[in-house]
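To start, the structure itself, in structure tokens.
The values are calculated or read from the model by the stated rules, or taken from the named source; none is laboratory data. Here the structure is a predicted model, which means the values were calculated and not measured. Ideal geometry is used to build each Cβ from the backbone, glycine not excepted, and the neighbour counts take in all protein chains shown.
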């Protein structure tokens, strides 16, 4: 058996470069992003694409170790495609739409997260977080973003009309000011700790083992979850395929497991061998032992400082809600900052970040907590319910809805958003104001490719007609009132939809009225 970890990859190293700021003159920047993980890089790229200069600081000089975030949901792929890295990720990642849940060695149920045709992106891809970060770093560098490695934030100061940031580097410390600061620096956020902001929520006692295992195996590219499997009796297990013959294995260990002992190869190897069988060679790439926390900050905005991703909220990894939710935070905030800096926004626009993303975080925390409660029941009643649901689900379809192995990430519906215009007509289907736009084929391409970062209108007509006159600066797209796009948007003749720069629906009408469109755009910019 192997006696140690055998990583097959060497992460790139990004050299520290001495910045001009060390000359003692304090410089000013529009936006500072703290943390070069997926969330911080996505936010910086999005802002740069919108014409906002960004300085991004990170205390490390490379990408993350281990797979960590591996499941990128369809909505996240749509966001990353707009940022310029979607095709690379999809080409490298392992595509999956299906999953299976087992009780013991018996299949409880199978599911398909994208059972219909006519979508550019799959329900999920699996790809290690270090690849996501590496592609995003390459994209950020190609855009000329000011990336400052080995630069650790040591403090912030509220200036009223901006923020002073203090940092340390291998060449010494310096300070600079910025109009806005985005804290994307993860679970151990230095920005959050410096402001002494507590998390509110729950911690769960059970410990779990994550292992990246390199092996050639015949398991299919699908999510597989076991309750009480023969190879790990009384606990749960999860298996995902990743690129490069890497497999992600999660094993429940129980609340009394010693994390230091359980992370040792001599403890991990027999558990992996029991799962994959005696004849499959494998190597351990990366191992971690963790506990679940489902919690968030009370507020995501503190003056000119915004919190995103794990710096703002934390969930268990079952359901792939952490990283996907964080990238959606960046998607929500970047356009609002750009509109504000560009002088096009009203005072309510930035306030809407909390109004929209706190409910989204609460939804993720609720789903994550329910999943964890089902997987790690506390008390006799909870355990009896879990066991009964699993037992009944083998033969009775009604019981399968109670089995919860991690409700998988879905895009947040920004219901009740102050930026949305209420409906004044009846519509059919799931699309509504606040929903993320759904894709469909459009003019030999894809509809979402037309939503490239600005406000946009979609108008349906029964036959070719002149394009209606629309407010200046708002892109207009016309489509016929038949076909898949019309079906997904209930596109009867005359129907018009307004989309925000983050591809969420802002308003819809059964006829085109420039005055109503103008009012809806003002509302979506926080000006009414």
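Please go through (1) at pLDDT 95 or above; (2) over 22 Å from residue 369 (Cα atoms); (3) in contact with a strand residue (DSSP E or B) (Cβ under 9 Å, 6 or more places away or on another chain) for residue 193 and return the number of the only condition it doesn't satisfy.
(3)
Hey, can you tell me all the residues within the range 95-141 that are within 18 Å of residue 64 (Cβ to Cβ) and in contact with a strand residue (DSSP E or B) (Cβ under 8 Å, 6 or more places away or on another chain)? Break it down stepwise before answering.
First, pick out the residues of the range 95-141 that are within 18 Å of residue 64 (Cβ to Cβ): 125-141.
If the condition is that a residue be within 18 Å of residue 64 (Cβ to Cβ) and in contact with a strand residue (DSSP E or B) (Cβ under 8 Å, 6 or more places away or on another chain), then 125, 126, 127, 128, 132, 137, 140, 141 are the ones that fit.
Criterion first (closer than 29 Å to residue 283 by Cβ and either surrounded by 19 or more Cβ atoms within 10 Å (Cβ to Cβ) or touching a residue at least 40 places away in the same chain (Cβ under 8 Å) (or both)) does residue 202 satisfy it?
So residue 202 does not fit the description; no.
In the set 42, 20, 91, which member is surrounded by fewer than 17 Cβ atoms within 10 Å (Cβ to Cβ) and within 30 Å of residue 441 (Cα to Cα)?
Numbers: 42 fails: surrounded by fewer than 17 Cβ atoms within 10 Å (Cβ to Cβ); 20 fails: within 30 Å of residue 441 (Cα to Cα).
That would be 91, the only listed residue that is surrounded by fewer than 17 Cβ atoms within 10 Å (Cβ to Cβ) and within 30 Å of residue 441 (Cα to Cα).
From the list 384, 388, 345, 415, which one is in contact with a helix residue (DSSP H, G or I) (Cβ under 9 Å, 6 or more places away or on another chain) and part of a helix (DSSP H, G or I)?
388
Could you name every one of the strands (runs of 3 or more DSSP E) located completely within the range 107-158 that has at least 3 residues being assigned by TED's automatic domain parsing to the domain that holds residue 321, touching a helix residue (DSSP H, G or I) at 6+ places or on another chain (Cβ under 8 Å) and in contact (Cβ under 8 Å) with a residue 24 or more places away in the chain?
Passing ranges, in order: 152-158.
Filter the range 207-235 down to residues that are in contact with a helix residue (DSSP H, G or I) (Cβ under 8 Å, 6 or more places away or on another chain) and surrounded by 22 or more Cβ atoms within 10 Å (Cβ to Cβ) and give me whichever is farthest from residue 280 (Cα to Cα).
227
Cβ contacts < 9 Å: first residue loosely packed, with under 12 Cβ neighbours inside 10 Å, restricted to the range 375-395; second residue assigned to a loop (DSSP other than H, G, I, E, B), any location; separation 6+ or different chain. Result?
Within 9 Å, the pairs are 384/377.
Could you please find all residues in the range 283-327 being assigned to a loop (DSSP other than H, G, I, E, B) and at pLDDT 95 or above?
Residues of the range 283-327 that are assigned to a loop (DSSP other than H, G, I, E, B), as a first pass: 298-300, 303-304, 308, 312, 315-321.
Selection gives 298, 299, 300, 303, 304, 308, 312.
Here is a list: 387, 426. Which entry is over 27 Å from residue 358 (Cα atoms) and modelled with pLDDT under 90? Even if it seems obvious, please write down each step before you answer.
On the way: 426 fails: modelled with pLDDT under 90.
The conditions single out 387.
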